[in-house]
1. Can you tell me which residues in the stretch 213-253 are more than 22 Å from Met130 (Cα to Cα) and touching a helix residue (DSSP H, G or I) at 6+ places or on another chain (Cβ under 9 Å)?
2. In the list Gly248, Gly191, which residue meets the criterion of being surrounded by fewer than 20 Cβ atoms within 10 Å (Cβ to Cβ), over 19 Å from His119 (Cβ atoms) and without any contact (Cβ under 8 Å) to a residue 60 or more places away in the chain?
3. For Val265, work out the one condition from (1) of a type in the set (A, V, I, L, M, F, W, C); (2) crowded, with 17+ Cβ neighbours inside 10 Å; (3) part of a loop (DSSP other than H, G, I, E, B) it doesn't fulfil.
4. Suppose the filter is aliphatic (A, V, I, L, M) and in contact (Cβ under 8 Å) with a residue 24 or more places away in the chain; does Leu199 pass it?
5. Restricting the stretch 80-99 to residues that are in contact with a His (Cβ under 9 Å, 6 or more places away or on another chain) and more than 25 Å from Glu204 (Cα to Cα), which is surrounded by the most Cβ atoms within 10 Å (Cβ to Cβ)?
6. Going through Glu202, Glu214 one at a time, which residue ends up being at pLDDT below 95, of a type in the set (D, E, K, R) and surrounded by 15 or more Cβ atoms within 10 Å (Cβ to Cβ)?
7. In this structure, does Ala273 turn out to be out of contact with any Pro (no Cβ under 6 Å at 6 or more places or on another chain) and assigned to a strand (DSSP E or B)?
8. If you go through the stretch 191-199 one residue at a time, do you hit one that is touching a helix residue (DSSP H, G or I) at 6+ places or on another chain (Cβ under 6 Å) and basic (Lys, Arg)?
Amino acid sequence: MRTTMAWALLLTSWTGCDGGGPMSPDAATPMGDAAVEAVCGDGARQPGEGCDDGNAETGDGCSATCAVEAPAADADEVVDAPDATGEGFGDPSRAVNGVRGGGLTAQSLDVYSISLEGHLVLGWSGRRVMDGPGVDLVVFENAFHYGDGATFMDPVVVEVSSDGETWVAFPHDYVAEDEARYSNRAADWRGFAGRTPVLFHEEERAELDRFDPEEAGGDGFDLADLGLASIRYVRLSPASAHTNPDTGAPFPRDPVSDGPDIDGVAARWLAEAP
């Protein structure tokens, strides 16, 4: 069930004492402090005056210089898929074999379907997803536009974990005027995945930046919103399987929905797990 789609990008901090930290692949933006600490180890600091070279030191005035192999990659490991049948849309390998979006008004057929009571847990072959600049994760579901501003959606609650046991959900809020009724307006489903059509396609539109949801589609998530430096797993489940705290009832769903269809999940910053 594993396929790895990665291009090697080496993240390193500057060896000089210029105040920079481990850099993103575009060599323009230092990674967040949380990621620096997680990658470099406890006590690592940003380079500053008194730092003599690029050695990994954590003394006063000097920082660890980290060389971290951090390929941006799709999740390639199916950790838990209780709905799996191994065939057709019940084959969870479809969620880790690359993203093949159908565009604004069509669905992809290369997806894994989660039941209304199910979930899907994915990983990155033992690697950790790091908190870096901007979006860290993009979830590609199978939404599509139709009619006047309407979107067919299977909204998804996105949770992450470092150990596969304790889970933290990204903040989400259903803000429709009547929260007891389903809304087909994507703007009413704040913080959920499954709201945005997928434009990225491995073979046909691979030039799109998959980590720019406005360009490639999908729904982006930032670990900084949870105050987490890194995670190892992502769990996806239907919104309708969760309780809306505003109503005390499950989040509503489209009457014809039969659960989310997952095309893939991409991580922007990765490091080898300790």
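1. Those that are more than 22 Å from Met130 (Cα to Cα) and touching a helix residue (DSSP H, G or I) at 6+ places or on another chain (Cβ under 9 Å): Pro250, Phe251, Pro252, Arg253.
2. Gly248
3. Going through the list (1) of a type in the set (A, V, I, L, M, F, W, C); (2) crowded, with 17+ Cβ neighbours inside 10 Å; (3) part of a loop (DSSP other than H, G, I, E, B), Val265 breaks only (3).
4. Numbers: aliphatic (A, V, I, L, M): yes; in contact (Cβ under 8 Å) with a residue 24 or more places away in the chain: yes.
In short, yes.
5. Ala81
6. One residue alone meets the criteria, Glu202.
7. No, not satisfied.
8. yes
The values are calculated or read from the model by the stated rules, or taken from the named source; none is laboratory data. Predicted model only: the values in this text are computed from it and were never measured. In this analysis, Cβ positions are derived from the backbone assuming ideal geometry, glycine residues included, and neighbour counts consider all displayed protein chains.
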